[in-house]
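Undergrad: My questions all concern the structure below.
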Amino acid sequence: MPSLNRKSSIPLYEQIKQIIRNQILSGEYVAGSRLPTEEEFCDHFSVSKITVKRALNDLARTGIIERRQGSGSI
């Protein structure tokens, strides 16, 4: 999984959003499959939960992923 550029002027949540979006579009995550949990993304990117939540919520708002309470992001 790609890493973040902490010196970039692009906010971390935007970078995470783009990384996940690119992984979905490239087929790394199969349609209908579950994404890693928020905690797993937090650990991987070394960011706070709110940063990951914002990225995932933006992806859900644009229809790229679906978020289900208790089931995770798909």
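Undergrad: Those residues that are over 17 Å from Asn5 (Cα atoms) and either touching a residue at least 24 places away in the same chain (Cβ under 8 Å) or open to solvent by less than 40 Å² (accessible area, probe 1.4 Å) (or both), I need them from the range 37-51; list them, please. Before the answer, list the steps.
TA: Kept after step one, since they are over 17 Å from Asn5 (Cα atoms), are these residues of the range 37-51: 37-40, 49-50.
Across the range 37-51, the qualifying residues are Thr37, Glu38.
Undergrad: Being open to solvent by 90 Å² or more (accessible area, probe 1.4 Å), free of Cβ contacts under 8 Å to residues at least 60 places away in the same chain and not charged (D, E, K, R): is that true of Ser73 here?
TA: When the stated conditions are applied, Ser73 does not pass them.
Undergrad: For the range 1-36, which residues satisfy the criterion of being touching a strand residue (DSSP E or B) at 6+ places or on another chain (Cβ under 8 Å) and open to solvent by 80 Å² or more (accessible area, probe 1.4 Å)?
TA: Arg34, the sole residue that qualifies.
Undergrad: Report yes if Arg54 is surrounded by 14 or more Cβ atoms within 10 Å (Cβ to Cβ) and in contact (Cβ under 8 Å) with a residue 40 or more places away in the chain, otherwise no.
TA: Yes, satisfied.
Undergrad: Just give me the residues in the range 13-36 being more than 19 Å from Ser71 (Cα to Cα) and free of Cβ contacts under 8 Å to residues at least 40 places away in the same chain, in sequence order.
TA: The answer is Gln15, Ile16, Gln18, Ile19, Asn22, Gln23, Leu25, Ser26, Gly27, Glu28.
The values are calculated or read from the model by the stated rules, or taken from the named source; none is laboratory data. Small disclaimer: the values here were computed from a predicted structure and weren't measured. Positions of Cβ are backbone-derived with ideal geometry, glycine not excepted, and every protein chain shown enters the neighbour counts. These area figures cover heavy atoms from the full protein model, side chains too; ligands, DNA and RNA do not enter into them. Shrake-Rupley method; radii C 1.70, N 1.55, O 1.52, S 1.80 Å.
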